[in-house]
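See structure below.
Rule-based calculations on the coordinates, nothing more; no lab input. Bear in mind the structure is a predicted one, so any value in this text is a computation, not a measurement. Cβ sites come from the backbone with ideal geometry, for glycine too, and all protein chains shown count toward neighbours.
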Amino acid sequence: MTVSLRNLTDADAGRWDAFVNAHPDGSFFHLSGWRTVIERTMRHRALYTFATRDGFLTGVLPLVHVRSRLFGNSLISNAFCVYGGPIATDDESYGSLVTHAESELERLQANHLEFRHRRQSSLGWRCRSDLHATFRRKMDPDPEINLKMVPRKQRAVIRQSLRNDLEARKEQDVAHFYDIYSESVHNLGTPVFSRRYFEALLAVFNSCSEIITIFDRGKPLASVLTFFFRDEVIPYYGGGVAGARPRAAYDFMYWTVMSRAAASGYLLFDFGRSKLGTGSFNFKKNWGFEPEALIYEFKLRGKGAVPDLNPLNPKYRPYIELWKRLPLPVTRILGPRIARGLP
């Protein structure tokens, strides 16, 4: 039977998410809620399309049209996410979604089309596997077994953090989280997303997200926004203030997330994406996680080059250093206008 394509509507969201949950390559970043979050807070068009065969949903394509004066015109599946390329139950449905994405590339006159995968496809597009890695590992319900999976040196840091009288609180709003996270990324020279973006994430994914904030004698030091999908726990956005590292608040925070999730029956810890050669990459390796290269595939329109929106790119170093010197309140105002173009 032939494959038909349809644009996602609110009425289709349940079918879409059921498909994602059932598909072996489905991820949290394929869920329909991202369409709502991105359109509501980033003002980009979310061109979410699904394939059907004889009325049954057979594939999904979470595609976002990102237009930025600073960073160009692109189509990404899925923007602002680690994974999210098209998934399908059969080759014809997958091919129909890819062909549709290619036609959107021409129709919208975008510079390139990007699919984000954990594994390389057979499309034959230009591929970058040297930019990002993800870190994923199974967990055990027994915290002592999980602790033994951590290398000895880092294990000692975790044990010390447990003796520091730190307190982990589950919070219902983004107030502490946003203050901490915006300061953390400012120190890295990175523009921060809007507070409204994080509020939308909590609202849309209210049944599968939480914020954990770490306090030291009443002072918030670190905070993380975590998502839950199937049997996975995904601490996705996290940061800390200047006093977090000396008190091992980062280590206490991620150990708390891991321990609580394992005790609740989750089986896999997804430590998220990090750029190769960065501090966060090394931090996750120190926990004993093996990096898994992410495969980002690009279809270029015309003779353009594969984009390299990478803070390690030397041409961005002067801007990063300048951003670090700006007052924090200023970066909270200007940052979201820039960050929405960095998907």
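Things worth noting here:
- Phi to ³J(HN,Hα) by Karplus 6.51 cos²θ - 1.76 cosθ + 1.60 over the stretch 247-260, Hz, x for Gly, Pro: 9, 6, 5, 4, 5, 4, 5, 6, 5, 4, 4, 4, 5, 5
- Measure of compaction for the stretch 176-268 (Cα Rg per 2.2 N^0.38 Å): 1.08
- Rough spin-label spacing in nm, given labels placed 7 Å along Cα→Cβ, for Asp10 and Ser68: 3.0 nm
- Note on the chain: Kirkwood hydrodynamic radius from all Cα pairs is 21.1 Å, rounded to one decimal.
- In degrees, nearest ten, helix 13-22 long axis to first principal axis of the chain (Cα): 70 degrees
- Three principal axis lengths of the stretch 222-343 [C-alpha, angstrom, descending]: 50, 39, 25
- Principal axis box of the stretch 118-220, alpha-carbon based, largest edge first, Å: 54, 39, 32
- Here is the tail figure for the stretch 98-161: Cα pairs spaced more than 17 Å apart come to 64 percent of all pairs.
- The region of the chain that goes longest without hitting one of the trypsin sites (Lys or Arg not before Pro) in a DSSP loop, each with at most 12 other Cβ atoms within 10 Å, is 218-302.
- Pairs of lysines in the chain whose Cα atoms sit within less than 18 Å of one another amount to 12, provided the residues are eight or more positions apart or on different chains.
- Nearest-ten-degree value, helix 152-162 long axis tilted from longest Cα axis of the chain: 70 degrees
- Only the Cβ atoms of Lys and Arg (+1) and of Asp and Glu (-1) were treated as charged; on that basis the dipole of the chain about its Cα centre amounts to roughly 1340 debye.
- Rg over Rh for the stretch 133-292 works out to 0.93, using Cα positions for both radii and the Kirkwood form for Rh.
- Annotation: amide H of Ser194 has no partner in the under-5 Å range at sequence separation 5 or more or interchain, hydrogens built in the peptide plane.
- Full extension of the segment from Lys148 to Gln109, taken as 0.36 nm per residue of separation minus the current Cα-Cα distance, would add 8.8 nm.
- Chain lengthening between Arg45 and Leu322 when straightened (0.36 nm per residue, less Cα-Cα): 96.6 nm
- To the nearest ten degrees, helix 195-204 and the longest principal axis of the Cα atoms of the chain are 70 degrees apart.
- One compactness figure for the stretch 53-130 is 1.13, namely its Cα radius of gyration divided by 2.2 N^0.38 Å.
- With the biggest extent put first, the Cα atoms of the stretch 21-98 measure 41, 21, 21 Å across the principal axes.
- The relative contact order of the chain, computed from alpha carbon pairs under 8 Å that lie at least 6 residues apart in sequence, is 22 percent.
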